[in-house]
Amino acid sequence: MTVEEYNQSVDQFSDGLYRFLLNNIKDAEKARDIIQDTYEKLWRKVETVSGEKVKSYLFTTAYHTMIDLLRKEKWSTDFNTVNRDSYYHTDQYSDLNEILHEAIERLPGDQRSVIMLRDYEGYSYQEIAEITGLTESQVKVYIYRGRLFLKNYIGKIESVI
């Protein structure tokens, strides 16, 4: 990979990386830090990463960096204070986009990540498996379970509209 290709990768993929990370961790500063770390790691391996594989490398590296950060923060969360009533939506409200984003925020991290990669970024199951380090079967299961949760959370479309 040349320096010009590296600069093109920054222009082409940094917005998509930022959206992906922001949708998963909901913290703009952490998302920017992860992107910076990702591009630093790419710069260190600029000679070994080919121009055709740079997008996959960036998303894979950003995903793993995000997971490391979430694991580090996981220990500071108290899971005994979880309110079970917050896992479903009962109010009638007409903004489906807002309800969908609220539902996506409630998904477990792995399910949220694979759904974001599949439905928002348009990756195939195989590409998601490569990015996340999961098997293709696990990716399909996480997407199915995540979509099932979203369907149950949102409920019937008639009650939302």
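The separation of the range 96-138 from the range 30-77, counted between C-alpha centres, amounts to 17 Å. Across the range 31-41, computed HN-Hα scalar couplings (Karplus, 6.51 cos²θ - 1.76 cosθ + 1.60, θ = phi - 60°) run 4, 5, 4, 5, 5, 4, 4, 5, 5, 5, 5 Hz from first to last residue, x flagging Gly and Pro. Evaluated over the range 1-77, the count of Lys pairs having alpha-carbon atoms less than 21 Å apart is 11 (only pairs 8 or more residues apart or interchain). Less than 5 angstrom separates the built amide H of L134 from none of the residues sequence-distant by 5 or more or on a different chain.
Backbone phi angles across the range 99-104, fed through the Karplus curve with coefficients 6.51, -1.76 and 1.60 (θ = phi - 60°), yield HN-Hα couplings of 5, 4, 5, 5, 5, 5 Hz in residue order; Gly and Pro are listed as x.
3J(HN,Hα) along the range 146-151, derived from phi through the Karplus expression 6.51 cos²θ - 1.76 cosθ + 1.60 where θ = phi - 60°, amounts to x, 5, 5, 4, 4, 5 Hz, with x in place of Gly and Pro.
Coordinate-derived values only; no laboratory data. In this text the structure is predicted, and so the values were computed from the model without any measurement.
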